[in-house]
Amino acid sequence: LQTAEERAALKLNKEDHLTPILGLITKELNAKTETGVEDKGLDPRHAPALLKVLGEKIGCKPEEIIDVELSLCDTQKGAIGGVADELIFTPRVDNQVHCYTSLEALISYSNSGKLDSDPDVSVIALFDHEEVGSDSNEGAGSPIMRDAVVRISSCFAMLEDNELFKVGLSKSLLLSADAAHAIHPNYASKHEQNHQPKIGEGTVIKTNQNQRYATNCITGFVVRELCRRHSLPVQEFVVRNDCPCGSTIGPIIAHNVGMRTVDIGIPQLSMHSIRETCGVNDVYTNYKLLEAFFDEGLKVDQSITVIESNM
């Protein structure tokens, strides 16, 4: 949650200041003999010492590595802390936490016995490249989601029946689950006064009238009603008017697929830092919310009466 001026004040040059350190610089680091590897087609684009380490990790010879895609990340295990063990400190809360809660919720719902009589289709979709725009062949901006709905529809009717596909889309409901910014006591002014999500107080419903989030009055109500029925805590978030609003894959899928969407997420601190912080109880209650959504989400949606009026 930063203004444009604040972002400009922190001047980091990505080329000069963010280069990772592999080891101490020595004249032998890039020498073939230092790694014990003979030059038999060794990829000259990468340091031989790095290729040796990778080969040892994956169980192959360095010269057998023809290319790599590497991500720099914290390898320390997560930890539970706080005076009452109420906090989780771990890398990649945003957004692997919802990969975990959604998968556990679907497994739990599948094992409940209710799936056998469920007339609806429950799906979770875990996309790559969410933090870099989603415009890739495996990102949320790709045709993957729409293609999945087409293929699922074809299991219930002929492929030529486009009407069933369209009806299925109009009746579908998507929960876009991505972590939310919790209020930090040292930076409380970053949040709008009436929208200050707190760690430990439940899942956050995110709304933005500029469609940076895809929540509307109906989809947001479904989540609130599920929380009411199951006595689960829920919070609201609207960004300050003088602060730019981040976004999620919710609007991307809503635009590309035409599926009604609500943006939610557990509150966290230190978003996008190498080590992030969230609440133990929020992970659990988010899992219970998603479990309830698989069971009752569309039933709640179908019970809503919408009255349109020009006043």
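Given a Förster radius of 25 Å and the C-beta distance between I274 and V150 as r, what FRET efficiency does 1/(1 + (r/R0)^6) yield to the nearest 0.05?
0.05
Leaving ligands and nucleic acids out of the surface, order C60, C217, C278 by accessible area at 1.4 Å, largest first.
C217, C60, C278
Report, please, the projected area of the stretch 155-259 averaged over directions, based on the convex hull of its C-alpha atoms, in nm².
Average of the hull's projected areas for the stretch 155-259 equals 8.5 nm².
As a test of the definition: which semi-axes, in Å, follow for the stretch 205-298 when you take the square root of five times each eigenvalue of its alpha carbon gyration tensor? Largest first, please.
Values: eigenvalues 87, 77, 31 Å².
Taking √(5λ) for each eigenvalue gives 21, 20, 12 Å, largest first.
Sequence-distant or interchain residues sharing an amide H contact under 5 Å with Y213, placed H: which?
N208
Count charges around N210 for me, please; just the other residues with Cβ under 14 Å from its Cβ, Lys/Arg as +1, Asp/Glu as -1.
For residues surrounding N210, the net value is +1.
Please report how many Lys pairs in the stretch 129-269 have alpha carbons closer than 23 angstrom, counting only residues at least 8 apart along the chain or sitting on separate chains.
4
Applying the Karplus parametrisation 6.51 cos²θ - 1.76 cosθ + 1.60 with θ = phi - 60° to the phi angles of the stretch 2-18, what ³J(HN,Hα) value in whole Hz is obtained for each residue in order, glycine and proline being reported as x?
Whole-Hz 3J(HN,Hα) from phi for the stretch 2-18: 10, 6, 4, 5, 5, 5, 5, 5, 8, 9, 10, 8, 4, 7, 8, 10, 10.
Once neighbouring chains are kept in place and the probe is 1.4 Å, which whole percent of the accessible area of the stretch 264-311 is contributed by carbon and sulfur?
Ligands and nucleic acids excluded, carbon and sulfur reach 53 percent.
How high is the FRET efficiency from Y100 to E131, r the C-beta distance, R0 22 Å, rounded to 0.05? Don't skip to the end; give the middle numbers.
Numbers: r = 17 Å, r/R0 = 0.79.
Between Y100 and E131 the formula returns 0.80.
Accessible area, 1.4 Å probe, largest first: how do L173, L10, L226 sort?
Largest accessible area first, the list is L10, L173, L226.
For the chain, set up a Gaussian network in which alpha carbons nearer than 10 Å are linked by springs, and say which option among V238, V283, V167 fluctuates the most.
Most flexible of the set in this elastic network: V167.
How are the alpha carbon pair distances in the chain distributed across 20 Å bins from zero to the largest one, expressed in percent?
Going from the shortest bin to the longest, the percentages are 26, 50, 23, 2, 0.
In the stretch 131-197, which trypsin sites (Lys or Arg not before Pro) fall in coil by DSSP and have 13 or fewer other Cβ atoms within 10 Å?
none
Based on the Cβ-Cβ distance of N241 and T75, what FRET efficiency does E = 1/(1 + (r/R0)^6) give at R0 = 45 Å, to the nearest 0.05?
Once rounded, the FRET efficiency stands at 0.65.
Determine the distance separating the Cα centre of the stretch 230-266 from the Cα centre of the stretch 72-144; give it in Å without decimals.
16
Does anyone have the angle between helix 93-111 and the longest principal axis of the chain? Alpha-carbon axes, 0 to 90°, nearest 10?
That helix lies at roughly 50 degrees to the long axis.
Under a point spin-label approximation (7 Å from Cα along Cα-to-Cβ), what is the R228-Q2 distance to one decimal in nm?
4.0
Using only DSSP helix segments of four residues or longer, with each worth -39500 (n - 2.57), what per-residue ellipticity at 222 nm results for the chain after dividing by its residue count and rounding to 500?
Counting only the DSSP helices, I get -10500 deg cm²/dmol.
Check which residues have an amide H placed less than 5 Å from Q235's amide H, if you skip close sequence neighbours.
Amide H neighbours of Q235: T203, V204, I205.
Once both axes come from the Cα atoms, what is the angle between helix 217-229 and the longest principal axis of the chain, in degrees from 0 to 90, rounded to 10?
So the inclination is approximately 90 degrees.
Per residue, how much accessible area does the stretch 172-311 show when a 1.4 Å probe rolls over the protein heavy atoms, in square angstrom?
I get 49 Å² per residue for this part.
Over the Cα atoms of the stretch 50-207, what Rg and Dmax result, in angstrom?
For the stretch 50-207, the Cα radius of gyration and maximum Cα-Cα distance read 21.4, 60 Å.
Does the stretch 51-127 come out rounded, prolate or oblate by the C-alpha gyration tensor, with a ≥ b ≥ c the root eigenvalues, rounded set by a/c under 1.5 and, if not, prolate when a/b is larger than b/c and oblate if not?
oblate
If you fit an axis through the alpha-carbon atoms of helix 162-171 and take the longest principal axis of the Cα set of the chain, what angle between them do you get, 0 to 90°, nearest 10?
80
Tell me, what does the Kirkwood hydrodynamic radius of the stretch 87-160 come to in angstroms if you use every pair of distinct C-alpha atoms?
Over the stretch 87-160, the inverse of the mean reciprocal pair distance is 14.8 Å.
As I understand it, the dipole of the chain uses +1 on the Cβ of Lys and Arg and -1 on the Cβ of Asp and Glu, about the Cα centre. Which of Y100, V238, S134 lies farthest toward its positive end?
So the residue furthest toward the plus end is V238.
The values are calculated or read from the model by the stated rules, or taken from the named source; none is laboratory data. Everything quoted here is computed from the prediction, not taken from an experiment. Cβ coordinates were reconstructed from backbone atoms using ideal geometry, including for glycine residues, and neighbour counts include every protein chain displayed. With ligands, DNA and RNA removed, areas are computed over all heavy atoms of the protein, side chains included. Shrake-Rupley method; radii C 1.70, N 1.55, O 1.52, S 1.80 Å.
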